[in-house]
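Report on the following structure.
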Amino acid sequence: MKYRGLIMVVSLFLMPFLMMAQDHATYKIWETIPNTLKVDIGQEHRALNALGELERVSNVSEPTLEVFLPKRVDPSSAAVLICPGGGYAHLAIDKEGYKLAKWFNSIGIAAMVLKYRLPNQAMADKKNGPLQDAQQAIRFIRSHAKQWNIDQAKVGVMGFSAGGHLAASLSTMYDNPTYRDKLASLSARPDFSILIYPVISMEDDFTHKGSQENLLGKKASKALKRSFSPNTLVDAKTPPAFLVHATDDKAVPVENSLLYYKALKKSDVSTEIHIYKDGGHGFGMGNTVTNKQWTAALKYWLEANEILSNEKIYLFSYFKSNGEDGLHYAYSTDGFTWQALKGDNSFLTPHIGKEKLMRDPCIIKGGDGKYHMVWTCGWTEKGIGYASSMDLIHWSDQQYVPVMEHEENARNSWAPELTYDHESGTYMIYWATTIKGAYPATASSEENGYNHRIYYTTTKDFKTFSKTALLYEPGFNVIDASILYDNGRYIMFLKDETRVPAAKNIRIAYSDNLTGPYSQASAPITGDYWAEGPTSLKIDDLRIVYFDKYIDKQYGGVQSTDLIHWIDISDKLDFPKGMRHGSVLELSSQEFFKNFIPYMD
């Protein structure tokens, strides 16, 4: 199953790929319910929790499918049919249904909760009633694949406890002709299965007695019990499976999952099993520190099996006006069209420095898994701002880092950036400063006499810092350095700030080491306009450098495949109005949608 295409979510003509927030919808899956007798079993029983929310249902006679679509759905999206457990006597539809549906939506997967019939007196054949509903549900999902933007080759099934037995039965008995219907020509085979503390065996040694008797009756023969034990039905066509169980499960012994795992392995079917020390039965999304991890393990499994895409979303951090209101974000799926988040309102308000500004925000992801941000906190500050975050939304307390306080003649600390050295685990912070009287050969009376060079400090913990040192002296007024590692060397994009004669362009320098020395600056890579604040993104073999065309009050860009020949693409870029100098960051689509769905317009 190969994921094809980026998730297109950024412009109006791409909106068919985007389904904004909606309530879930409920569908009847049968026009005529098969396998029914004219017996009145009464109304469906619905149990509510203390908050008045539906917790479980029983006495189900009319099956339905509750469809939960994520806010972002693309034509390659997977879907999961969820079968709640309950011993074939009731359905734990909240804990083992709705909660999982919402979790799947949070990672971009459509989820459908099946309220399936439970064996009752209104069925002519009790043992096949739930399976009929599961087969029909898979076919119903595939019949609506286009409407729901679902890939028909990525429709799986998930089941808990007795619902796990139903999911495993569907995975091994999908071809059984249990009914006639116009959808019967569609495949009922799941493309993958997720089985959480499942009942697998109906044979006496390891079965869950309540599930066995409710489905097959109290007098079922050994042959019937075996024929409804999915571990005995596995073959090479059985879909891949992900299994979770607790060792101390007293209701459904862990041997159930082991039996299915061994059967899959024997038939060379891809499978993965997670067995936790404790948790008992019915722990849903987790009730101990360890077994709460199974959803994270499932996400990785879905990605590894190309069920869940791990495509990239690009995030631009920037400021507006003078930086008074703080941090802004825009996102893109292609690097060309950018959409502001949160209505182009601030995500973080600055609180440090005399002027309390947040200009030139630079964000990177560090080796500790955190996002680290530095910014210009004022026009005449001798320090910079710093904060960290795990999710780019909630930030630590803002910290003032006095990078030039030791230098009496320092006039400023502008446009700080961060680069992380993975080998040493060290962060280098670098910025532009003018020191009065330094570098007189390039001094000018223009623009308040600023004459910058690039300085740096290093840190591993953002608590202790190395002594500030000179990083780059190219022989001209230089600001806005941005350094990245690519193909075995460090590349510095920088602005030649020379005023007389005016340069105001972007150039490149190279080094084998993060802290230099860096080469002489290249010829300009930007055109006949003033540019500043370069930040770079690599998409496949294409290197894009974005910059602020501040005189023209718009953002621009150039692109190259070899860092030598550059093409101006400013007319192909679409950015939020009023966007100023910032930095670009690459995120997985799952991480982006997990954190930013509430802020998408």
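Shown here is the pair-distance distribution of the range 151-238: with all Cα-Cα distances grouped in 5 Å bins from zero up to the longest one, the shares run 3, 14, 23, 23, 19, 12, 5, 2, 0 percent. Take the Cα of Asp397, step 7 Å toward its Cβ, do the same at Ser106, and the gap between the two points is 2.9 nm. Taking only protein heavy atoms and a 1.4 Å probe, the accessible area of the range 337-386 is 50% carbon and sulfur. Count Lys and Arg as plus one, Asp and Glu as minus one, and take only other residues whose Cβ is under 14 Å from that of Asp278; the net charge is then +1. Using the structure shown, list the pairs from Lys95/Lys154; Lys209/Lys292; Lys99/Lys126; Lys127/Lys218 with a Cα-Cα distance above 20 Å, or answer none. Checking Cα-Cα distances, Lys95/Lys154; Lys209/Lys292; Lys99/Lys126 exceed 20 Å. The eigenvalues of the Cα gyration tensor, multiplied by 5 and square-rooted, give the range 41-99 an equivalent ellipsoid with semi-axes of 25, 14, 10 Å from largest to smallest. Relative to the 2.2 N^0.38 Å rule of thumb, the range 126-279 has a C-alpha radius of gyration ratio of 1.02. Protein-only accessible surface at a 1.4 angstrom probe places the residues Asp541, Asp461 in the order Asp541, Asp461, largest first.
The alpha-carbon of Lys460 sits under 19 angstrom from the alpha-carbons of these lysines, leaving out residues fewer than 8 places away in its chain: Lys365, Lys370.
Pairs of Cα atoms in the range 64-208 fall into 10 Å distance bins, from 0 up to the last occupied one, in shares of 13, 45, 34, 8, 1 percent. In terms of accessible area, using a 1.4 Å probe and ignoring ligands and nucleic acids, Ser346, Ser221 rank largest first as Ser221, Ser346.
Annotation: per residue accessible area for the range 164-224 equals 44 Å², rounded to a whole number [probe 1.4 Å, protein chains only].
Legend: calculated FRET efficiency, Asp205 to Leu51, from the Cβ-Cβ distance at R0 = 35 Å, rounded to 0.05, equals 0.30. Solvent-accessible area of the range 113-193 (1.4 angstrom probe, protein heavy atoms only): carbon and sulfur portion equals 44 percent. Ranking Asn505, Asn105, Phe242 by how far each Cα lies toward the positive end of the dipole of the chain (charges on Cβ) leaves Phe242 at the top.
Taking all protein chains together and a 1.4 Å probe, the residues Ser229, Ser444 rank Ser444, Ser229 from largest to smallest accessible area.
Based only on the alpha carbon positions, what is the Kirkwood hydrodynamic radius of the range 300-416, in angstrom?
Evaluated on the range 300-416, it is 15.6 Å.
With the convex hull of its Cα atoms as the shape, the range 429-524 has an orientation-averaged projected area of 6.8 nm². Solvent exposure of His24, expressed as accessible area, is near 80 Å², computed with a probe of 1.4 Å over the protein chains only. When the Cα positions of Ala469, Gly378, Tyr439 are compared along the charge dipole of the range 359-498, Ala469 comes out farthest toward the positive end, with charges on each C-beta of Lys, Arg, Asp and Glu.
Accessible area per residue of the range 308-368 at 1.4 Å probe, in Å²? Spell out each step's value before the answer.
Working: 2010 Å² over 61 residues.
Per-residue value: 33 Å².
When all alpha carbon pairs of the range 82-133 are counted in 5 Å bins from zero, the resulting P(r) reads 5, 21, 24, 19, 14, 9, 5, 2, 0 %.
Taking only protein heavy atoms and a 1.4 Å probe, the accessible area of the range 413-556 is 47% carbon and sulfur.
When the Kirkwood radius is taken over all Cα pairs of the chain, what Stokes-Einstein diffusion coefficient follows at 10 °C and 1.306 mPa s, in µm²/s? Reported coefficient: 58 µm²/s. Counting only protein heavy atoms and using a 1.4 Å probe, the accessible area of Tyr439 comes to about 70 Å².
Write down the accessible area per residue of the range 494-579 in Å², having rolled a 1.4 Å probe over the full set of protein chains.
That works out to 48 Å² per residue.
The values are calculated or read from the model by the stated rules, or taken from the named source; none is laboratory data. Just so you know, these numbers come straight off a predicted model, no measurement behind them. Please note: Cβ atoms are built from the backbone with ideal geometry, for glycine as well, and neighbour counts cover all protein chains shown. SASA here: full protein model, heavy atoms, side chains in, ligands and nucleic acids out. Shrake-Rupley method; radii C 1.70, N 1.55, O 1.52, S 1.80 Å.
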